[in-house]
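Working notes, structure below.
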Amino acid sequence: MHLAELQAIADREQAARKPIRIRCCVAAGCLSSDGQAVLQQLGAAVEAAGLTAQVEVCGVGCMRLCSQGPLVQVDPGGALYAKVTPASAPAVVAAVAGAPADDAPAQLDPAQPFFARQWSIVLEHSGSIDPERIEASIAVGGYQALYHTLHELTPAEVIDAITRSGLRGRGGAGYPTGLKWATVAKSQGPDGRKFVVCNGDEGDPGAFMDRSVLESDPHRVLEGMAIAAYAVGASQGYAYVRGEYPLAIRRLELAIRQAKKLGLLGSQIFDSAFDFRVDIRIGAGAFVCGEETALIASIEGNRGTPRPRPPYPAECGLWGCPTLINNVETFANIAPIIRNGPEWFAGIGTAGSKGTKVFALAGNIANTGLVEVPMGTTLRTIVEELGGGVPGGGGVKAVQTGGPSGGCIPERLFDTPVDYESLVKVGSIMGSGGMIVMDGGTSMVEVARYFMEFCKDESCGKCVPCRVGTVQLHRLLSKIQAGVATEADLAQLRELCTLVKETSLCGLGQSAPNPVLSTLRYFPEEYAGLLRGEVGSEQ
Amino acid sequence: MTAQAAVKTQRASDHPSGDNRFKLLEATMKRHQYQPDALIEVLHKAQELFGFLSTDLLLLIAHRLRLPPSRVFGVATFYHIFSLAPLGEHTCVVCLGTACFVKGAATLLVALEHEAGVKAGETTADKRLSLLTARCLGACGIAPALVFDGVVAGHQSTDEALERVKGWLDHAPR
């Protein structure tokens, strides 16, 4: 495969495009609302109207506003239809043909803040290309960054570019990506092997960004992994994906097969000396496997229990070899950085957090779905402008970020900019990007108890503070919730939180008390109210 | 592969029961060259073929991958996806992710538990229905979400969910 061949595929793809294209979302959210049948009906209606020469219908990845799915958009013009059903699909085609029917599905304004305020890097092709065809990805520039990397950059130059871009890990902790790559590149394993692992074990309840990226633009992730492998000197990669995401697994498998067939993965990629293979490892439903040492144990076929660090996986990971582990979204950022240069990326965001972040906006909010915004955007902008506030106009009480490891941020702090440091300062974390909006009807004690129940069940059982501590914390929270707790219980709750936080082995235990601590900090009156015996949520 | 190992493979694929599923399982293990680190992949395949992981099946896998049975049992019980008991004819999975929780999934679960007469994670005595829970399906945009026999349904109300399950719990002869 040469650049010319890649260009030829792109040109063929462009030439085959028809003047009008109807895009229908076939990501998991819309598929659950009959998206596949809508796609079929659209195709049938185009055929019936004799428009096949001018109009094409294609299934695409996530169009972001999941709550209004299945979504259908028409190019050019961008008319966007919401909640399309198989029955109303022909009306969309009729409108395209210039004869709008009365029963056409509702149209959304594509210029509304939810879409207009977004800044797309990771999701730039999500919702516009067919995720099941590699040609569609190549037509929008896919694998060109890999070509450029292999032929024009040395591994050191790639690492330097990633370092200068200021990209930080999108899995939650925000470790500088360039630094991690440099460590792996420097490390020497026992037998010279190195590995690149893509962490797609998106376990935080309420987070679905990685799933959407894998379902909507899998080649972007593979390209990022290949560039990383070249930079650190690895020739084998693993994509570890949650078993709960069958569609993401299927599309990634397909993408790997297609890339192999075109010689974009495998041996001597782009006629260079670089070989890279990717295998998928399917997770089996353990939240702790998102922790990197537990994930390594799981890929090796063991129970997913973490081990103390150091040594870090960058020096001693899979089978004792240096291993680079990055999140799906981190890998999805790599190709644009190589394509547009590190300075371009570093120009977006805040001083300490560069680029954009994808959030999964859900809960009691009008616009549920994916949003990608520059780092430093305030929570208020995300929740009120993009999210459209609470449906029915009630007030927002808090947002929860970072899943079971994060915290609840009250409405009065909504002017906090979203970046790694600011979120830690207010007692939460960036996390992988789940953002759950809660209105006045949600009891914060119940939320804390919900997350503690999660951590109690998901604790791997290896270290005592987490295994026993989470059970005791859950017991105390249940007692408070039931209205039978005393001041002494509350004091013990606080004390135990600190203990579990400071003495647990891995991130799961260390961050498990965060939802309790943040609700204690911002909503002490709810705990106090329940101590006095006022059972139930505060309205 | 040595001649001896080849004979072994031959024997295993001709499982005495004549059950073709063992042949498919054997093929998966062979594809992974009987490497112990393929254990989780093999367990996924075994569950896909047999529906659940019986003790005999775990022992067979342990034997073929040359692993102690304790290790295989340890891994199979560690991960939530693996089930060591057979499921009912139908399954209903309630997503308990944060978004679904905020949208009332807990109430939905209580109603379903009441209707089926079993707790979450259990199967009805007549083996008609298994009521299960999931940590998060990643379908937060359409919360609360349920999975009926493998098909995700979003924006579920309690009435809608009960309606579906009632049909399955109907004790009339099929």
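At-a-glance table
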read-out: Criterion: touching a Leu at 6+ places or on another chain (Cβ under 9 Å) and either more than 28 Å from A:Leu517 (Cα to Cα) or modelled with pLDDT under 95 (or both) - qualifying residue of A:Pro342, A:Pro417, A:Pro336; value: A:Pro342
read-out: The one condition in (1) away from chain B (no Cβ under 14 Å); (2) modelled with pLDDT of 95 or more; (3) under 25 Å from A:Ile134 (Cβ atoms) that A:Gly61 fails to fulfil; value: (1)
read-out: Subset of the range B:66-120 [farther than 28 Å from B:Leu169 by Cα, among the aromatic types (Phe, Trp, Tyr) and either within 8 Å of chain A (Cβ to nearest Cβ) or in contact with a strand residue (DSSP E or B) (Cβ under 7 Å, 6 or more places away or on another chain) (or both)]; value: B:Phe78, B:Tyr79
read-out: From B:Leu137, B:Leu132, residue being within 14 Å of chain A (Cβ to nearest Cβ), in contact (Cβ under 8 Å) with a residue 12 or more places away in the chain and surrounded by fewer than 23 Cβ atoms within 10 Å (Cβ to Cβ); value: B:Leu132
read-out: Residue selected from the range B:19-35 under the condition within 14 Å of another protein chain (Cβ to nearest Cβ) and out of contact with any Lys or Arg (no Cβ under 7 Å at 6 or more places or on another chain), by the criterion surrounded by the fewest Cβ atoms within 10 Å (Cβ to Cβ); value: B:Gln33
read-out: Residue tally, condition more than 14 Å from every other protein chain (Cβ to nearest Cβ) and closer than 19 Å to A:Cys408 by Cβ, over the range A:452-474; value: 3
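Okay, residues lined up against (1) buried (at least 24 other Cβ atoms within 10 Å of the Cβ); (2) assigned to a loop (DSSP other than H, G, I, E, B); (3) more than 10 Å from chain B (Cβ to nearest Cβ); (4) modelled with pLDDT of 95 or more:
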residue: A:Ile280; (1), (2), (3), (4): no, no, no, yes
residue: A:Gly285; (1), (2), (3), (4): no, yes, no, no
residue: A:Leu295; (1), (2), (3), (4): yes, no, yes, yes
residue: A:Arg303; (1), (2), (3), (4): no, yes, no, yes
residue: A:Ala314; (1), (2), (3), (4): yes, yes, yes, yes
residue: A:Glu329; (1), (2), (3), (4): yes, no, yes, yes
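This table checks each residue for (1) buried (at least 22 other Cβ atoms within 10 Å of the Cβ); (2) touching a Cys at 6+ places or on another chain (Cβ under 7 Å); (3) over 20 Å from A:Cys289 (Cα atoms).
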{"residue": "A:Leu167", "(1), (2), (3)": "yes, no, yes"}
{"residue": "A:Ala182", "(1), (2), (3)": "no, no, yes"}
{"residue": "A:Pro205", "(1), (2), (3)": "yes, yes, no"}
{"residue": "A:Pro218", "(1), (2), (3)": "yes, no, yes"}
{"residue": "A:Ala229", "(1), (2), (3)": "yes, no, yes"}
{"residue": "A:Ser235", "(1), (2), (3)": "no, no, yes"}
{"residue": "A:Pro246", "(1), (2), (3)": "no, no, no"}
{"residue": "A:Ala259", "(1), (2), (3)": "yes, no, yes"}
{"residue": "A:Ala273", "(1), (2), (3)": "no, no, yes"}
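Rundown of residues vs (1) out of contact with any Phe, Trp or Tyr (no Cβ under 7 Å at 6 or more places or on another chain); (2) under 18 Å from A:Phe331 (Cβ atoms), yes/no style:
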position	(1), (2)
A:Leu264	no, yes
A:Ile269	no, yes
A:Ile280	yes, yes
A:Ala284	no, no
A:Glu291	yes, no
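The values are calculated or read from the model by the stated rules, or taken from the named source; none is laboratory data. Just so we're clear, the structure is a prediction, and the values are computed from it rather than from any experiment. Here the Cβ is made from the backbone with ideal geometry for all residues, glycine too, and neighbour counts use every protein chain on show.
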